[in-house]
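Chemist: Pasting a structure here, questions to come.
The values are calculated or read from the model by the stated rules, or taken from the named source; none is laboratory data. Worth saying up front: this structure is predicted, and the values here are computed from it rather than measured. FYI the Cβ positions are ideal-geometry reconstructions off the backbone, even for glycines, and counts take in every protein chain you see.
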């Protein structure tokens, strides 16, 4: 009885959230802006933190230099966080060979992490805007102009603009599965942006420099400094907007182990930073973000742990029951016959099956809407089936791992 009530509560909240997002999606009008250009081209400081990036850094710098943006309006600040390889030598050779005047290197004497590297760049930044640019990513040529345009179209309380993240490496099935994850992330951020509940930044976020300096920069030692800075901006009552135009590509982990550890780090950071800014939960001062978005995320996070416990108990119970039946029946198990389809249907517990089907149907509808938003058709192939039916279980285990590490006070490291 308690299990059935739990499933119905979970289904009710899931259906409520899904229907609301579907309504937001249909009410929102998003489309390409054509060739609309910024009113002016403000000076932009582009910060590139690097640590052992000898293979990735040159393509990244080339992508920055090829931006469709006035070259005299940008400065590139590469911060080497005490790399152990020859990253700095490669960059210096590149600067010399191309005679680049607007690129400088800051070298750390000790490793401070990404947040520390960004703070070093922020202290010397001359730009009106500060563009965080991950060393393994590269933007579309028009992205910086489109991000600047979002600020010019918005009010002064907008502190950051984020863009759509695309996957560069899509060869292995695990990379293709992450591509679907990033596609869904872009769609949900679009929805959050349309109701002003966006509280996430990413690898190529553009910030107002004066606001970053006002809030004392990035949180050194934080596992997810991009999420922490987003939460702090929202906590300080600044807004984050989604840029529908332009995009950037990034590399994703190509092994199960590397992907697992990355997600566990993300989830640890999520838990830590939500606790850090717990005053925002159910606080009407933060509008829908405090009254709806964050509480909804917390609810589903708690549901992950409760569901793992409940389903784990039922699975163990079923295994024990089956084992006991086999022991009792012994060799009579050879007389076992498979039930018919009719028997299976009539034996289903529809009190549990119906809400599960409703949630699955609405979830799949949103999944298709995300594909439409990205301008592509959904197709039936193995990674998509794994993403829908297997990956949620995979993520649940990652959340459990992150929870154990975070509350076990494990060392915070990349």
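Per-residue answers, yes or no, for (1) at pLDDT 95 or above; (2) closer than 25 Å to residue 216 by Cα; (3) assigned to a strand (DSSP E or B):
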position: 15; (1), (2), (3): no, no, no
position: 21; (1), (2), (3): no, no, no
position: 31; (1), (2), (3): no, no, no
position: 78; (1), (2), (3): yes, yes, yes
position: 118; (1), (2), (3): yes, yes, no
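Chemist: Check 55, 68 and return the single one that is within 21 Å of residue 139 (Cα to Cα), assigned to a loop (DSSP other than H, G, I, E, B) and free of Cβ contacts under 8 Å to residues at least 24 places away in the same chain. First the steps, then the outcome.
Modeler: Working: 68 fails: free of Cβ contacts under 8 Å to residues at least 24 places away in the same chain.
After ruling out the rest, the residue left standing is 55.
Chemist: Further question on the same structure: Which residue out of 104, 109, 114 is under 26 Å from residue 209 (Cβ atoms) and exposed (fewer than 13 other Cβ atoms within 10 Å of the Cβ)? Even if it seems obvious, please write down each step before you answer.
Modeler: Numbers: 104 fails: exposed (fewer than 13 other Cβ atoms within 10 Å of the Cβ); 114 fails: exposed (fewer than 13 other Cβ atoms within 10 Å of the Cβ).
Step by step, each of 104, 109, 114 is checked, and only 109 is under 26 Å from residue 209 (Cβ atoms) and exposed (fewer than 13 other Cβ atoms within 10 Å of the Cβ).
Chemist: Hey, another quick one. Filter segment 365-390 for residues that are under 22 Å from residue 174 (Cβ atoms) and part of a helix (DSSP H, G or I) and give the result.
Modeler: Correct list: 367, 370, 371, 382, 383, 384, 385, 386, 387, 388, 389, 390.
Chemist: Right, next: Looking at residue 95, is it touching a strand residue (DSSP E or B) at 6+ places or on another chain (Cβ under 6 Å), assigned to a strand (DSSP E or B) and under 22 Å from residue 71 (Cα atoms)? Before you say what the answer is, go through the steps one by one.
Modeler: Details: touching a strand residue (DSSP E or B) at 6+ places or on another chain (Cβ under 6 Å): yes; assigned to a strand (DSSP E or B): no; under 22 Å from residue 71 (Cα atoms): yes.
In short, no.
Chemist: Tell me, yes or no, whether segment 3-16 has at least one residue that is on the phi < 0 side of the Ramachandran plot, without any contact (Cβ under 8 Å) to a residue 60 or more places away in the chain and in contact with a helix residue (DSSP H, G or I) (Cβ under 7 Å, 6 or more places away or on another chain).
Modeler: No, that holds for no residue.
Chemist: Another question, if that's okay. For segment 38-57: of the residues being out of contact with any strand residue (DSSP E or B) (no Cβ under 8 Å at 6 or more places or on another chain) and surrounded by 15 or more Cβ atoms within 10 Å (Cβ to Cβ), which is farthest from residue 113 (Cα to Cα)?
Modeler: Only one residue fits best here, namely 38.
Chemist: Pairs under 6 Å by beta carbon, first residue without any contact (Cβ under 8 Å) to a residue 60 or more places away in the chain and on the phi < 0 side of the Ramachandran plot in segment 240-269, partner surrounded by fewer than 20 Cβ atoms within 10 Å (Cβ to Cβ) and not in a helix (DSSP H, G or I), six or more apart or different chains?
Modeler: So the pair list comes out as 262/253.
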